[in-house]
Amino acid sequence: MSFPPTYMRVVETLLELYNMHKRPIKSKEIADRLGMNEGTIRNIMVALKAMNLVDSKTGPYGGFIPSQKAVEFVKSPMVINPVNDIAQIYVNGKPLNVYATGIELVNVFNPYMSKAIIKILGNVKTIHPGDNVRIGPTINARIIVEGIVLEDNPLSKELVIVIKKLLAIPKIKVLDVMTKELAVVKHDEPLTSVAKVIADRKIRALPVVNNNGELMGLITSSDIAKAFSDGAFTALVKDYMRHEVPIISWDRDIYDAMRLMMSYNIGRLIVINQEQKPVGIVTRTDILRYLAPLS
């Protein structure tokens, strides 16, 4: 960001006055402190507002308030890469009804401490310094940001986080990352034989198909354990299988797979082709291998 020295002095003065008075600062106050024309200050404020460095409040007690971005900028003039997007925020592993609407990547090439300024939609008071946060995947930029909250600013609805991980989601089809060696069982097979397959392969679930190879459901080790605890040792797969199967088409993007897994809090999806036949399985681990770290 190319930043004129006069603009920097105005931002520094705004911060100084705001920290002193803890209220919106009038343009005249800044002009008097710097010995500048008030009209010039107003013009500079228009530019600073466009850069998201200041916010303005109207009314008799209105004025200008420095944004968190301004605070970080004055601490150390930096390279700022804006990402205007929207994504849900996860705090300490749990999703909140709070969303990021803008991400400013600050000093992203700094090997010691890269930071991000997050613009918040929702109740910022539910997030506190020291919280672990994950933002994303964002819809347009297709990035995931993970880090620790350094500062919160409820007035401007912004967070500053120290970035621990920054990942980009490449445009890759599910077909290219899925595991293609997929074992399936038929709906009319006895559970005893399916239990042996699960034990031998050291897996936890198997897709269930009909005689035409079309997906019908899913049988898991938990389902089999329940059947045996019920004393149903002669039961068939169709008697205990799950009919709701998390699926995804093989021609979908891995971004779509990630969002499905996050929405349903699951770690795997059965992949089907255009004939609705299972052709593979995609897991979180499969996708993670293809995520590109930004460094």
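Residue under question is Asp223, and the condition is that it be charged (D, E, K, R), open to solvent by less than 40 Å² (accessible area, probe 1.4 Å) and over 30 Å from Ala87 (Cβ atoms); does it hold? Let's see the steps before the verdict.
Numbers: charged (D, E, K, R): yes; open to solvent by less than 40 Å² (accessible area, probe 1.4 Å): yes; over 30 Å from Ala87 (Cβ atoms): yes.
It is true that Asp223 is charged (D, E, K, R), open to solvent by less than 40 Å² (accessible area, probe 1.4 Å) and over 30 Å from Ala87 (Cβ atoms).
When you go through Leu166, Leu175 one by one, which is the residue that is under 25 Å from Met51 (Cβ atoms) and in contact (Cβ under 8 Å) with a residue 60 or more places away in the chain? Give the derivation first.
On the way: Leu175 fails: under 25 Å from Met51 (Cβ atoms).
Just a single option satisfies the conditions, and that option is Leu166.
Out of all the residues in segment 278-293, is one or more assigned to a strand (DSSP E or B), modelled with pLDDT under 85, open to solvent by 70 Å² or more (accessible area, probe 1.4 Å) and of a type outside the set (Asp, Glu)?
To start, the set of residues in segment 278-293 that are assigned to a strand (DSSP E or B) comprises 278-283, 292-293.
In the following step, the residues that additionally are modelled with pLDDT under 85 were identified as 292-293.
Then keep just the ones that are open to solvent by 70 Å² or more (accessible area, probe 1.4 Å); that gives 293.
If we keep only those that are of a type outside the set (Asp, Glu) too, we end up with 293.
Yes, there is a match, as at least one residue in segment 278-293 is assigned to a strand (DSSP E or B), modelled with pLDDT under 85, open to solvent by 70 Å² or more (accessible area, probe 1.4 Å) and of a type outside the set (Asp, Glu).
Could you tell me whether any residue of segment 92-109 is modelled with pLDDT under 75, over 12 Å from the mean Cα position of the chain (by Cα) and either within 17 Å of Asn140 (Cα to Cα) or of a type in the set (S, T, N, Q) (or both)?
The answer is yes; a qualifying residue exists.
Scan segment 3-13 and give yes if some residue there is open to solvent by less than 70 Å² (accessible area, probe 1.4 Å), at pLDDT 85 or above, under 14 Å from Val74 (Cα atoms) and not hydrophobic (A, V, I, L, M, F, W, C), otherwise no.
yes
Every residue, every condition in (1) open to solvent by 50 Å² or more (accessible area, probe 1.4 Å); (2) among the polar types (S, T, N, Q); (3) in contact with a helix residue (DSSP H, G or I) (Cβ under 8 Å, 6 or more places away or on another chain), yes or no:
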residue: Gly136; (1), (2), (3): no, no, no
residue: Lys165; (1), (2), (3): yes, no, no
residue: Ile169; (1), (2), (3): no, no, yes
residue: Val174; (1), (2), (3): no, no, yes
residue: Val184; (1), (2), (3): yes, no, no
residue: Asp188; (1), (2), (3): yes, no, yes
residue: Thr192; (1), (2), (3): yes, yes, no
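Checking the condition more than 30 Å from the chain's Cα centre (by Cα), in a helix (DSSP H, G or I) and not hydroxyl-bearing (Ser, Thr, Tyr), which residue from Asp256, Asp223 passes? Reasoning before the result, please.
Working: Asp256 fails: more than 30 Å from the chain's Cα centre (by Cα).
Among Asp256, Asp223, only Asp223 is more than 30 Å from the chain's Cα centre (by Cα), in a helix (DSSP H, G or I) and not hydroxyl-bearing (Ser, Thr, Tyr).
The values are calculated or read from the model by the stated rules, or taken from the named source; none is laboratory data. All figures in this text were calculated on a predicted structure; none of them were measured in a lab. Using ideal geometry, Cβ is built from the backbone for each residue, glycine included, and neighbour counts are taken over all protein chains shown. Just the protein is used for accessible areas: all its heavy atoms, side chains included, with ligands, DNA and RNA removed. Shrake-Rupley method; radii C 1.70, N 1.55, O 1.52, S 1.80 Å.
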